[in-house]
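The values are calculated or read from the model by the stated rules, or taken from the named source; none is laboratory data. Since the structure is predicted, the reported quantities are computational estimates derived from the model, not experimental observations. No Cβ is skipped: glycine too gets one built from the backbone with ideal geometry, and neighbour counts run over all protein chains shown. We work out accessible area using only protein heavy atoms, side chains counted, and drop any ligands, DNA or RNA first. Shrake-Rupley method; radii C 1.70, N 1.55, O 1.52, S 1.80 Å.
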Amino acid sequence: MSRSPLMPVEDAIEQLLLMANEQQLADSEVLALDEARGRMLASDLVATLDLPPWPNSAMDGYALNLADLDQQPLAVSQRVYAGAAPEALLPGTCARIFTGAPVPPGANCVEMQENVEVLDDGRVRFLQPLKVEQNIRAQGQENRVGDILLRAGKRLGPFELAVAAGQGLAQLHVVRRPKVALLSTGDELVEPGQPLRPGSIYNSNRVLLGHWLRELGCEVIDAGILPDHPAQTRLKLEQLQVSADLILTTGGVSAGDADCLGQVLRDSGKPLLWKLAIKPGKPLTVGHFGAVPVIGLPGNPTSALVTFGLLARPYLLRIQGVEDVTPLSFTVDAGFDWHKAGGRREYLRVKLEAGRAVLYPNQSSGVLLGATWADGLVEIPENSTHNLGDPLRFIPFNELF
């Protein structure tokens with residue numbers, strides 16, 4: 001087989017997102033707010049209430065009509081607490097009011113209690129200049145009925161769920177969880193807790209990706225470990241395509257004799273991508289087996305980490321309706337020299353120290369421990385070298401999760 005050119009990272013992401021656009025999940029379900037954290041909103045959340053629903057006081061103090069100032073000191077005609085329904089303000093009086101309480105009809109100003117003098121007879125004198133609407137939160141200051149508060153595809157965290165609660169909603173329509181079949185390949189793999197055979201290693205990728213998938217709102221179908229055998233690989237894919245929205249695999253996607261997954265996809269499926277201009281993670285395969293998408297990640301742990309975070313993650317978010325799937329990143333200064341210009345874009349594990357990105361000593365794609373030490377990845381563009389202090393793009397791990 002002739003060697004195919006390496007595909008740039010941006011082109012691979014673009015193709016994955018085009019594929020995701022055609023396969024967005026249409027099904028939704030209704031969940032209570034307490035169950036909806038981390039899920040994607042299925043439809044726009046439209047305000048049915050003004051917030052605040054009525055003008056209210058921003059602080060403890062006294063509510064008055066400025067037209068009555070020339071009659072001060074003013075008698076206190078009522079006390080208004082949060083949760084109360086005030087009476088209209090009597091002319092020539094003021095109201096004792098507390099934070100969050102509705103402003104009485106007829107009042108157009110609230111003065112904080114620190115700026116008033118309460119006389120012995122209980123009347124109030126105002127000591128500072130005042131203006132209309134001072135210290136009053138206007139009705140609809142946060143939102144008006146009909147405003148779109150949250151767009152479909154918004155991931156629901158504590159802030160978003162609180163916004164829904166503020167509209168009186170106890171339930172939300174969310175996109176159903178994508179069903180992702182997670183399949184590890186390789187004769188050398190053993191699950192944790194089992195005896196380690198000669199020449200074998202424990203399967204860490206299943207744990208890493210299983211938790212990561214759940215963090216992204218997916219339902220994980222644990223498909224176990226598949227031996228390096230073409231017929232068994234084909235049979236397993238046939239079984240998984242019945243129940244999965246995506247088959248996510250690790251290992252077996254390179255060009256070696258034992259790399260059966262890539263071989264089966266090329267022979268029986270519809271491969272789209274093959275070999276990326278990325279390090280680590282070049283041997284990534286994306287395609288379909290039947291009608292089901294397959295993303296085949298490399299088997300080395302850090303290669304799987306990088307390619308999942310940068311390529312599989314955007315796909316999984318997009319099929320759930322998320323529009324902006326690009327991870328937030330920012331520029332940091334390099335805390336190292338990099339004089340090895342390479343033809344692939346490199347992603348290095350780094351820790352931020354005093355605003356500079358410091359390299360983990362061992363950047364091997366087989367070393368996962370560096371991810372526990374690091375804060376994220378810095379991006380080294382293709383064919384570039386860098387000196388200490390040069391600006392580099394930094395992607396935090398917590399953003400990828």
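Collect the residues in region 207-228 that are among the charged types (D, E, K, R), out of contact with any helix residue (DSSP H, G or I) (no Cβ under 7 Å at 6 or more places or on another chain), touching a residue at least 40 places away in the same chain (Cβ under 8 Å) and not in a strand (DSSP E or B), keeping them in residue-number order.
E215 - this is the single residue of region 207-228 that is among the charged types (D, E, K, R), out of contact with any helix residue (DSSP H, G or I) (no Cβ under 7 Å at 6 or more places or on another chain), touching a residue at least 40 places away in the same chain (Cβ under 8 Å) and not in a strand (DSSP E or B).
Within region 109-119, work out how many residues are within 13 Å of P73 (Cα to Cα) and either open to solvent by 60 Å² or more (accessible area, probe 1.4 Å) or free of Cβ contacts under 8 Å to residues at least 12 places away in the same chain (or both).
2
Among the residues in region 290-306, are any under 26 Å from L216 (Cβ atoms) and over 26 Å from the mean Cα position of the chain (by Cα)?
From region 290-306, those under 26 Å from L216 (Cβ atoms) are 290-306; that's our starting set.
Imposing the further condition that a residue be over 26 Å from the mean Cα position of the chain (by Cα) reduces the set to 290-291.
Taking every residue of region 290-306 in turn, at least one turns out to be under 26 Å from L216 (Cβ atoms) and over 26 Å from the mean Cα position of the chain (by Cα).
Being in contact (Cβ under 8 Å) with a residue 60 or more places away in the chain and either in a loop (DSSP other than H, G, I, E, B) or exposed (fewer than 15 other Cβ atoms within 10 Å of the Cβ) (or both) is the filter here, so list the residues in region 364-392 that pass it.
Restricting attention to region 364-392, the residues satisfying the condition of being in contact (Cβ under 8 Å) with a residue 60 or more places away in the chain are 364-368, 370-371, 377, 382, 391-392.
Those that are in contact (Cβ under 8 Å) with a residue 60 or more places away in the chain and either in a loop (DSSP other than H, G, I, E, B) or exposed (fewer than 15 other Cβ atoms within 10 Å of the Cβ) (or both): S364, S365, G366, V367, L368, E382, P391.
For region 71-82, does any single residue satisfy the condition of being surrounded by 15 or more Cβ atoms within 10 Å (Cβ to Cβ), basic (K, R) and in contact (Cβ under 8 Å) with a residue 12 or more places away in the chain?
no
If you go through region 106-131 one residue at a time, how many are closer than 14 Å to N56 by Cα and out of contact with any Asp or Glu (no Cβ under 8 Å at 6 or more places or on another chain)?
4
Test A101 against the criterion of being of a type in the set (A, V, I, L, M, F, W, C) and loosely packed, with under 14 Cβ neighbours inside 10 Å, and give yes or no.
Numbers: of a type in the set (A, V, I, L, M, F, W, C): yes; loosely packed, with under 14 Cβ neighbours inside 10 Å: no.
When the stated conditions are applied, A101 does not pass them.
Taking the stated definitions as given, is L208 out of contact with any Leu (no Cβ under 6 Å at 6 or more places or on another chain) and open to solvent by less than 20 Å² (accessible area, probe 1.4 Å)?
Here the answer is no, as L208 does not meet what is asked.
So in region 120-169, with the set limited to residues that are within 19 Å of P102 (Cβ to Cβ) and without any contact (Cβ under 8 Å) to a residue 40 or more places away in the chain, which one is most open to solvent (accessible area, probe 1.4 Å)? Spell out the reasoning first.
We begin by selecting, within region 120-169, every residue within 19 Å of P102 (Cβ to Cβ); these are 132-145, 166-168.
With the extra rule that they be without any contact (Cβ under 8 Å) to a residue 40 or more places away in the chain, the set shrinks to 133-134.
Details: E133: 97, Q134: 34 Å².
Per the criteria, the residue is E133.
Restricted to region 291-311, and to residues that are touching a Gly at 6+ places or on another chain (Cβ under 8 Å) and not in a helix (DSSP H, G or I), which residue is surrounded by the fewest Cβ atoms within 10 Å (Cβ to Cβ)?
Selected residue: N300.
Kindly provide the set of residues from region 23-70 that are assigned to a strand (DSSP E or B), open to solvent by 50 Å² or more (accessible area, probe 1.4 Å) and not charged (D, E, K, R), ordered by number.
Result: S28, V30, V46.
So if I check each of G186, G199, G193, which one is buried (at least 17 other Cβ atoms within 10 Å of the Cβ), modelled with pLDDT under 95 and not hydroxyl-bearing (S, T, Y)?
G186
Identify, by number, the condition in (1) of a type outside the set (V, I, T); (2) open to solvent by less than 20 Å² (accessible area, probe 1.4 Å); (3) within 20 Å of W373 (Cα to Cα) that P314 doesn't meet.
That leaves (3) as the condition not met.
Would you mind finding the one in G106, G92 that is at positive phi and buried (at least 18 other Cβ atoms within 10 Å of the Cβ)?
Criteria check complete, one pass: G106.
Please specify each residue of region 166-186 satisfying the condition of being within 24 Å of L213 (Cα to Cα) and part of a loop (DSSP other than H, G, I, E, B).
Within region 166-186, R176, R177, P178, G186 meet the criteria.
Taking region 147-201 only, how many residues are within 15 Å of E35 (Cβ to Cβ), out of contact with any Gly (no Cβ under 8 Å at 6 or more places or on another chain) and among the charged types (D, E, K, R)?
Counting residues in region 147-201 that are within 15 Å of E35 (Cβ to Cβ), out of contact with any Gly (no Cβ under 8 Å at 6 or more places or on another chain) and among the charged types (D, E, K, R) gives 2.
Counting only residues that are over 24 Å from the mean Cα position of the chain (by Cα), among the aliphatic types (A, V, I, L, M) and within 29 Å of V294 (Cα to Cα), how many does region 149-198 have?
Matching residues across region 149-198 total 3.
For A244, all conditions in the list (1) in contact with a Phe, Trp or Tyr (Cβ under 7 Å, 6 or more places away or on another chain); (2) of a type in the set (A, V, I, L, M); (3) outside any helix (DSSP H, G or I) hold save one; what is the number of the exception?
Exception for A244: condition (1).
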